[in-house]
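Working notes for the structure below.
The values are calculated or read from the model by the stated rules, or taken from the named source; none is laboratory data. Keep in mind that what you see is a predicted model, and the values were worked out from it rather than measured. When we count neighbours, we look across all protein chains shown, and the Cβ atoms used for this are built from the backbone with ideal geometry, even at glycine. The protein model used for the area step is the full one, side chains on, heavy atoms only, and it has no ligands, DNA or RNA in it. Shrake-Rupley method; radii C 1.70, N 1.55, O 1.52, S 1.80 Å.
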Amino acid sequence: MTAHTFTYTEAERTESIAILDQLRKKVGDSFLPDDEELLRRHLLDTIANHQVHRNVFGLNPILCSLQTALIAVEEIGLKRDGVLAILLYNSVLNNQKTVEDVDKAFGNGVATIIKGLVRVQELYKKSPTVESENFRNLLLSFAEDMRVILIMIADRVNLMRQIRDTKNKEAKREVSEEASYLYAPLAHKLGLYKLKSELEDLSLKYLEHDAYYNIKDKLNETKRSRDAYIESFITPVKQRLEEAGLHFHMKGRTKSIHSIWQKMKKQQCGFEGIYDLFAIRIIIDSPDYSHLTKAEEDALKKKEKMQCWQVYSIVTDMYMPNPKRLRDWLSVSKTNGYESLHITVLGPQNKWVEVQIRTERMDEIAEHGLAAHWRYKGIKSEGSMDEWLANIRTALEAGDDLQMMDQFKMDLYEDEVYVFTPKGDLLKFPKGATILDFAYHIHSKIGNTCVGGKINGRNVTFRQQLQSGDTVEVLTSNNQKPKREWLGYVMSSRAKSKIRLALKETQVKDGLYAKEMLERRFKNKKIELDESTMSHVMKKLGFKVVSEFYKQIADEKLDVNEVIEKYIEVRDHDLNLNAQRPAQSAQEFEYENPDAELAHNDDVLVIDQNLKGIDFKLAKCCHPIYGDPVFGFVTSGGGIKIHRTDCPNAHDLRTRFGYRVVKARWSGKSTSQYAITLRVIGNDDIGIVSNITNIISKEEKIVMRSINIDSHDGLFSGNLVVMLEDISKMNTLIKKLRTVKGVKNVERI
């Protein structure tokens, strides 16, 4: 409708005056002397200047604001700043007032809330993904002041109440869907269970009309019998509790229509199939906590829990409990402060009944969420409702009423930021994350070639940190390559691992390139390249890892000519050591027996030109033993692993890391024993296992460590682990085992 057609109907005027009177009674003492007059003058001027427009549902925005303010006061506990922000917000949104005007007239507290509401409204319009959990979290972190979210929930509850008879079906559907997937979960997060339940029921009523009224009609039909049953259950319990000296009150509560509908869908049954349509609540009296010391509070809370368990004991003595349906939120409360004990018992007529046991303090928190924390202060946080509820409670221990909320700002999701892709998708990152984190989240290739980005259309470097609500775009170049310092520019483990992987792949490529280049330069200078001499050169130049040596050549930090000069120097020095010694007299001559030296060393491994004593280990992937054809592989730690030439990993090692493979052979005689595993397959005949073990026991210097036999369909297969000295002993043993009657095959694995 146009502005000049707006009129305040008599019914709207009467309701507005009544609400203003209620607000004055409930929060009037928190108003400043000029607040009411300034607000009245502002609203009158707005109407007189034709600046009021009915919304898409034809509703009066001023009356809607008053209705929302009353919900915020009664259900949530907001006071002056919250009420004024609700009543002034539309004027700022429609550019009739600025945030600065509000700040000047009503103070910074009101202006801060309105600023948050405006920011959230802009964010709301921006995102097509409002149904996601990430959007709910972003909303909470973006609002800055928690009252912004509380006001949004109150506003949506009021809107859902008012649009029952609207003719704008499309707008009604959209508002109802948002109530279901955004506002109800937010209310649940904040412990506002009553408002959450109302939002869910109204959204079901508008979106699935038939289902809602079917359940509602069934509940009405069964109300009389349900009430009678509740009374028959409560009466004897009440008597037993009074006899125990407990002070309490009880009430029966029918489950919400939405929760019944959810159960029907989950259990795939009709209304009659839902057995726990109602819950009995036993509420134990609580003292006033507001003037107690911390020690007194803790003692009373301990007493409260003991009383709850006492009630539990009495109820379960009377009615058989279902142990699978026990929910203990006394020992450890829910992350949003909810404390209660839920049990399901078999009542009269063999009907299951849910019983909720709690104190008045716990019930107040369960019904009113955050607002209750001001009445019952000092509630400890168990777990982490994203940390912030605990922070609120801690801050409130210094005050006795809701005024503390006016000074409290949210520090919510302080370890997370939520940003948009150009298409509107919402992504979550750790706080401090950069454009580079964002790029690697999209794809490894995008990250590897990232040169910068745009945040909200503004060009920035890839080191620019992300802020919640940013729209982020990545800029790439095919000439870009990952660098080691990038690891210091990212926060997410995903980006770090992708950068390390890219660096490793680059290092391998660069290493192969550098090795080929070095070999080509040696060939051009007609110098024979010897691997053992090159190993000495690397050590002389201070390299412990071969790959680092080649990397420095690839990065041109190490001059190839310097390497060649050092190589010639080391080679000539080695040759001089082997030069003929000066003539000695026969008396000074000592007989040199190389075999004698070998005899004192277990399994001396000769690598290339008789280099003895090099640190090596036998690879566990192929378990080489003395006599096997082997090769050496230089590990990243600088040591050497010995592999069989037929090792399953041999091909991959030679293909990818050929420059780290060195020749190896056994020397001397074996004096050690090695473990090998033999695979034996044969007919499952009586005594065949005994025959096999007899052969092994008769073999000299062969010890059987284990035998594992499986038989199936007349065949057996098994693994034998034996200790022996060398490959010749192994081959002899295999030949003998193959002669055993019934053995079909023996092979080493």
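Things worth noting here:
- Residue match in the range 540-556 (condition: open to solvent by 60 Å² or more (accessible area, probe 1.4 Å), among the basic types (Lys, Arg), in a helix (DSSP H, G or I) and over 30 Å from residue 465 (Cβ atoms)): yes
- Counting only helices (runs of 4 or more DSSP H) that fall entirely inside the range 167-236 and contain at least 1 residues that are β-branched (Val, Ile, Thr), the qualifying elements are 169-178, 209-221.
- Listing of helices (runs of 4 or more DSSP H) fully contained in the range 1-82 that carry 3 or more residues being closer than 30 Å to residue 365 by Cβ: 10-27, 61-71
- Only one entry of 156, 173, 161 meets the criterion of being touching a residue at least 24 places away in the same chain (Cβ under 8 Å), more than 25 Å from residue 254 (Cβ to Cβ) and of a type in the set (Lys, Arg), and that entry is 173.
- Screening 203, 176, 232, 197 for residues that are open to solvent by less than 70 Å² (accessible area, probe 1.4 Å), among the polar types (S, T, N, Q) and under 19 Å from residue 319 (Cα atoms) leaves exactly one candidate, 232.
- Within the range 637-668, restricting attention to residues that are closer than 14 Å to residue 618 by Cα, part of a strand (DSSP E or B) and free of Cβ contacts under 8 Å to residues at least 60 places away in the same chain, the residue that is most open to solvent (accessible area, probe 1.4 Å) is 641.
- Subset tally (residues that are over 43 Å from the mean Cα position of the chain (by Cα) and open to solvent by 70 Å² or more (accessible area, probe 1.4 Å)) for the range 236-255: 6
- Test: residue in the range 183-202 that is within 19 Å of residue 56 (Cβ to Cβ) and either in contact with a helix residue (DSSP H, G or I) (Cβ under 7 Å, 6 or more places away or on another chain) or modelled with pLDDT under 90 (or both): yes
- Output for the range 523-534, where each listed residue is out of contact with any helix residue (DSSP H, G or I) (no Cβ under 6 Å at 6 or more places or on another chain) and modelled with pLDDT under 85: 523, 524, 525, 526, 527, 528, 530, 531, 532
- Residue that is farthest from residue 233 (Cα to Cα), among those in the range 323-333 that are in contact (Cβ under 8 Å) with a residue 24 or more places away in the chain and surrounded by 15 or more Cβ atoms within 10 Å (Cβ to Cβ): 333
- Of all residues making up the range 181-194, the number that are open to solvent by 50 Å² or more (accessible area, probe 1.4 Å) and closer than 22 Å to residue 123 by Cβ: 2
- Only one of the listed residues (412, 427) is modelled with pLDDT of 50 or more and either out of contact with any Gly (no Cβ under 6 Å at 6 or more places or on another chain) or part of a helix (DSSP H, G or I) (or both). That residue is 427.
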